[in-house]
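Report on the structure given below.
The values are calculated or read from the model by the stated rules, or taken from the named source; none is laboratory data. These numbers come from a predicted model, not from an experiment. Cβ sites come from the backbone with ideal geometry, for glycine too, and all protein chains shown count toward neighbours. SASA here: full protein model, heavy atoms, side chains in, ligands and nucleic acids out. Shrake-Rupley method; radii C 1.70, N 1.55, O 1.52, S 1.80 Å.
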Amino acid sequence: MAVEQITYHNIDPKVRKSIMIGLCLAMLCACFDGTIIGTCGTKIANELHGNGLFTWMVTAYLLCECVTIPIAGKLSDLYGRKPLFLIGLGLFVGGSIIAGMSQNMEMLVICRGIQGLGGGILIPVATAAIADLYSPEVRAKMQGMLAAIFGIGSGIGPIIGGFITENIDWRWCFYINVPLAAVAFILTIKKFPSPEIPNKPTIDYLGIVSLTAFLAVLIVLFECGGNEFEWMSLVTVALLVIMVLCAILFVRTEKRAVEPILSPKLLKNKTIMAGGVYMLLFGIGMMGAMTFGGYFGTFILFELDTLTASYYTLFMIVGMMVTAMISGAKCEKTGYRPWLIAGPAIVFIGLVLFAMLQVDKVVLDPTMPYMYSILGKPITLFCIAEFVLGVGLGCMMTPVMAAVQNASDEKEMGMNTSAVNLLRSIGTSLGTAIFTMLLNAQYAGKLGALPQQLSAIGIHLSDKATEFIEPMVSCLFIPGIGETLSNKVLDAFIASVDFGFIAGGLVILLASVVGFFIKTKKKDAEPELAQPVEEQ
């Protein structure tokens with residue numbers, strides 16, 4: 001007797017609930033492990049004597065996550081979400097355990113890469129699984145829940161990392177994933193909706209290789225450019241040439257592939273294309289905004305206390321959770337457009353509030369260990385700006401994913417979902433590189449001849465914002481530098497970061513224009529079966 005296929009029509013509601021909890025736990029692990037290095041990375045690098053590989057703790061994770069997202073999405077369409085999800089969970093847990101046992105920096109970087117592979121599978125597969133578990137009318141609400149988990153995980157990562165590093169041991173920043181992943185495994189191992197799988201799926205191996213090469217070069221270029229090598233260099237030219245060749249090979253391959261990793265048909269689906277561009281802009285603007293907010297909060301308002309600064313990001317997380325859940329629950333009635341247009345506008349307001357943050361001046365203070373103190377720290381306005389930013393981001397995340405899924409063929413749900421997630425990940429890499437260049441250029445221009453003046457009294461100041469921050473703040477508190485020069489350095493930094501806030505806001509505003517073109521016809525509700533059919 002043939003076994004009836006399990007779909008959202010006939011799945012046992014109790015099974016669906018347990019699977020959803022498992023997906024949320026896995027998403028939580030993957031998201032906070034992507035940011036957990038923020039507060040414990042320095043101590044890890046010092047203990048493992050690997051400061052030269054510091055940036056690769058983050059880059060290795062991001063690189064492997066990015067290249068895995070589109071592959072995992074397509075393979076989950078061909079083989080089902082369950083096997084891919086469990087493979088991703090296994091890679092993530094294995095990488096976490098070995099990362100916690102690392103004896104040197106090289107070993108840790110490799111393990112971070114393995115974690116990235118697992119995270120790159122978990123995030124798109126969990127997002128696509130919502131479409132397997134729930135009908136089109138309910139997907140937005142559940143995507144809202146998953147978006148809230150995404151925000152929570154990304155926001156609490158630095159807090160968890162800082163707390164564990166200060167009170168226990170940095171190795172538990174990785175071991176903490178194990179119990180959460182174990183529960184997620186138990187909740188998802190038995191039953192899962194399954195797609196109609198062809199007898200012998202055709203895998204686009206050449207497409208996988210060419211796309212992986214393209215994305216790897218792209219991430220290395222934008223993560224390492226300006227740091228590991230100069231932008232105007234032979235290395236940059238070589239990487240650009242390789243990218244172009246890989247892109248050409250990938251496009252030609254996908255046109256002939258039976259089961260392409262990213263089908264050329266995506267270009268004909270206006271909703272999916274607009275959703276991808278929307279999330280690309282979201283990633284660029286969000287990363288720029290969060291980076292600048294972190295710079296200002298950490299190095300000015302809280303004087304190099306990264307953990308304290310991360311506590312204040314909870315205001316952003318709360319704002320994001322509220323609107324992610326509300327937009328998911330209401331956009332079926334209101335439509336997607338109001339949220340997708342309003343979200344970027346609210347984010348822009350939040351960034352303008354960040355740009356209004358000012359400190360009065362640096363003054364001599366004999367009670368301070370560094371002799372100098374920064375007066376007039378606007379902590380309240382900083383918290384308000386964080387909350388408003390979160391409210392806007394929460395409006396953006398949920399509706400766009402629901403719109404994309406409801407405009408997708410069920411057989412291509414994983415591919416389409418992963419394509420949008422991929423563009424968001426690319427946007428975060430581009431955002432870091434673009435706004436770092438903007439910040440450096442503005443800072444160098446604002447400093448003018450000040451580095452030479454400081455050099456004359458024995459203080460050497462880099463003209464790159466990404467290199468100057470800790471030395472800059474330290475030099476503010478060196479007795480003998482004088483309040484005048486200290487305030488000039490401080491003013492140059494604040495003016496540069498303010499420019500970054502406004503630039504990021506303008507990029508985000510472009511998403512409002514794109515959001516106007518995102519529309520999806522609501523699918524007719526399909527009847528649920530009276531009795532759920534259990535998977536045999």
If you go through Thr466, Thr428, the only one that is at pLDDT below 80, hydroxyl-bearing (Ser, Thr, Tyr) and assigned to a helix (DSSP H, G or I) is Thr466
**OP:** For Leu218, state whether it is outside any loop (DSSP other than H, G, I, E, B), in contact (Cβ under 8 Å) with a residue 40 or more places away in the chain and under 18 Å from Leu75 (Cβ atoms).
**Re:** no
Considering segment 1-36, residues that are at pLDDT below 75 and of a type in the set (A, V, I, L, M, F, W, C), and then whichever is farthest from the chain's Cα centre (by Cα), we arrive at Met1
key: Any chance Val404 is assigned to a helix (DSSP H, G or I), open to solvent by 20 Å² or more (accessible area, probe 1.4 Å) and at pLDDT 85 or above   = no
Residues of segment 409-437 being over 16 Å from the mean Cα position of the chain (by Cα), surrounded by fewer than 24 Cβ atoms within 10 Å (Cβ to Cβ) and not hydrophobic (A, V, I, L, M, F, W, C), in sequence order, are Asp409, Glu410, Lys411, Glu412, Thr436
### Task
Within segment 155-171, identify whether any single residue is at pLDDT 85 or above and either assigned to a helix (DSSP H, G or I) or under 18 Å from Lys74 (Cα atoms) (or both), and answer yes or no.
no
message: I'd like to know if segment 19-42 contains one or more residues that are charged (D, E, K, R), open to solvent by 10 Å² or more (accessible area, probe 1.4 Å) and out of contact with any strand residue (DSSP E or B) (no Cβ under 9 Å at 6 or more places or on another chain).
response: no
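Are any residues in segment 253-280 outside any loop (DSSP other than H, G, I, E, B) and among the charged types (D, E, K, R), and if so, which ones?
Across segment 253-280, the qualifying residues are Glu254, Lys255, Arg256, Lys265, Lys268, Lys270.
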Taking first residues from segment 514-525 that are modelled with pLDDT under 50 and second residues anywhere that are open to solvent by less than 100 Å² (accessible area, probe 1.4 Å) and of a type in the set (D, E, K, R), the pairs with Cβ under 7 Å that are 6 or more apart or on different chains are Ala525/Glu137
Residues of segment 268-282 being of a type in the set (A, V, I, L, M), within 17 Å of Asp409 (Cα to Cα) and open to solvent by less than 40 Å² (accessible area, probe 1.4 Å), in sequence order, are Ile272, Ala274
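Have a look at Val235, Val220 and point out the one that is surrounded by 13 or more Cβ atoms within 10 Å (Cβ to Cβ), within 22 Å of Trp56 (Cβ to Cβ) and touching a strand residue (DSSP E or B) at 6+ places or on another chain (Cβ under 7 Å). Explain how you work it out, then say what you get.
Details: Val220 fails: touching a strand residue (DSSP E or B) at 6+ places or on another chain (Cβ under 7 Å).
Among Val235, Val220, only Val235 is surrounded by 13 or more Cβ atoms within 10 Å (Cβ to Cβ), within 22 Å of Trp56 (Cβ to Cβ) and touching a strand residue (DSSP E or B) at 6+ places or on another chain (Cβ under 7 Å).
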Hey, does segment 89-100 have a residue that's among the aromatic types (Phe, Trp, Tyr) and either more than 30 Å from Ser263 (Cβ to Cβ) or surrounded by 20 or more Cβ atoms within 10 Å (Cβ to Cβ) (or both)? yes
Picking from Phe296, Phe292, Phe315, the residue that is more than 19 Å from Ala148 (Cβ to Cβ), part of a helix (DSSP H, G or I), at pLDDT 65 or above and under 19 Å from the mean Cα position of the chain (by Cα) would be Phe292
Of the residues in segment 140-152 that are at pLDDT 80 or above and open to solvent by less than 30 Å² (accessible area, probe 1.4 Å), the one that is nearest to the chain's Cα centre (by Cα) is Ala147
Scanning segment 331-347 for residues that are over 19 Å from Met279 (Cβ atoms) and surrounded by 18 or more Cβ atoms within 10 Å (Cβ to Cβ) gives Glu332
Quiz item: Is it true that some residue in segment 140-155 is within 22 Å of Ile97 (Cα to Cα) and in contact with a helix residue (DSSP H, G or I) (Cβ under 6 Å, 6 or more places away or on another chain)?
Solution: yes
